[in-house]
Structures are given as structure tokens and as C-alpha cells.
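Below is one structure; the comments refer to it alone.
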Amino acid sequence: MRNGSSAALRRICVTAMLMALSVVIGILCKNFFTWGVYYRVTFENFPVILAGFCFGPLYGAVAAAGADVISCLCSTNPMVNPVITLGAAAVGFISGIVPYLFRRCGSAAGPRTVLAVTVALAHLIGQVLIKSVGKIWMFGMPWWGIFVGLGISVFVGCAEFFFIRSLLKNREIAESLRALAGREIV
């Protein structure tokens with residue numbers, strides 16, 4: 001096996017593990033941190049954002065969409081909402097494209113700034129805007145529920161930022177992810 005295909009296989013395997021972690025976190029949060037029908041405090045985007053941030057937009061989008069579909073199929077109401085799955089995929093895609101754009105533009109922004117912008121945009125576009133449209137359209141969520149979702153996303157996004165930042169501060173983890181990605185993470 002060539003070195004390039006071996007590295008790609010390792011990225012795929014790590015992405016699959018992050019997808020599985022997202023599914024488990026999502027199911028746990030559905031059972032313990034959901035109130036009403038529409039609102040849930042969940043950290044299921046944490047592994048998805050990490051996959052996109054480290055390996056790129058395609059890996060992030062696939063991890064997010066796959067995790068959303070599997071999570072839906074494992075729940076008591078196995079109905080996949082395509083708009084919510086699109087919102088999940090947007091979270092993963094944005095998590096990979098934002099660091100790429102920072103690198104491409106030759107930005108002098110530090111890793112913390114890039115990570116903060118990545119998490120904020122992923123939550124704002126994927127979680128708040130797109131998923132809220134899916135909840136309004138398919139489940140009848142009131143329009144003002146978008147603001148509740150925004151509040152939850154601010155809290156969860158801040159926590160995810162600090163989780164990922166803590167992981168990337170660990171030298172061994174950062175070096176392993178850098179080797180898997182084949183480039184600097186930020």
C-alpha cells in the first residue's frame with residue numbers, strides 16, 4: 001500500500017470514529033438534555049467540527065451527515081429530515097472550509113482565532129439557520145425558536161471551542177492529528 005493511500009485510509013478511519021462518537025453523544029443528549037420537542041443541549045457537533053477542522057470540508061460534511069442519519073435511524077422515531085441533515089453537513093463542511101480559507105488567504109490570524117471563527121460560523125449557519133428551517137418546516141417549531149437555538153448554540157459553541165482548543169494544546173494529540181492530516185492543522 002502506498003504511503004498516500006495509507007494516510008487517506010487512516011483519515012477515513014479516524015473520521016468514522018468521530019462520526020460514531022457524534023452518534024453516541026447525540027443519542028445521549030436526546031435522552032437527557034432535550035426539552036420541549038425542538039430544543040436540545042448537545043455536543044454532537046464537537047467530533048464533527050474536529051473532523052472538518054483537521055481533515056477538511058469533505059471529511060467534516062460526510063461525518064456530520066452520516067452521524068445525523070445514523071442517529072435518526074437509531075432513535076425511537078426513525079425519520080430523517082433532509083433539511084436537518086443538510087444543516088449537519090453544513091456544520092462539518094464549514095468546519096473544514098474556514099481553516100482552508102484562512103490558510104489560502106495567507107492570514108496571520110492565530111490558531112485560536114481561526115478555531116473561534118470556525119466554530120461560530122459552523123453553529124450559526126448549520127445549527128441555527130439551516131436546522132431551524134428544518135424544524136420549522138417539518139416539525140412546526142415556532143419562528144422565535146430560532147433565538148432559543150441561537151442561545152443554546154452560543155453556550156455549546158463556546159464549550160466546543162474550549163474542548164477542541166484543549167485537545168490541540170496537547171502536543172501528542174496535535175502531532176498525531178498533524179501527521180494524519182498531512183499538513184499543519186491551522
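The values are calculated or read from the model by the stated rules, or taken from the named source; none is laboratory data. Source: prediction; values computed, not measured. Positions of Cβ are backbone-derived with ideal geometry, glycine not excepted, and every protein chain shown enters the neighbour counts.
Among all residue pairs at least 6 apart or on different chains, which show Cβ distances below 8 Å where the first residue, located in segment 113-131, is of a type in the set (K, R) and the second is crowded, with 19+ Cβ neighbours inside 10 Å and assigned to a helix (DSSP H, G or I)?
From residues that are of a type in the set (K, R), the pairs are K131/I84; K131/G87; K131/A88; K131/G149.
Got a sec? Which of V23, V83 is surrounded by 15 or more Cβ atoms within 10 Å (Cβ to Cβ), closer than 21 Å to I97 by Cα and either touching a residue at least 40 places away in the same chain (Cβ under 8 Å) or of a type in the set (S, T, Y) (or both)?
V83
Given (1) at pLDDT 90 or above; (2) closer than 18 Å to G149 by Cβ, identify the lone condition not met by I84.
(1)
I need the full set of residues from segment 31-56 which are assigned to a helix (DSSP H, G or I) and either surrounded by fewer than 20 Cβ atoms within 10 Å (Cβ to Cβ) or free of Cβ contacts under 8 Å to residues at least 24 places away in the same chain (or both), in order please.
Scanning segment 31-56 gives N31, F32.
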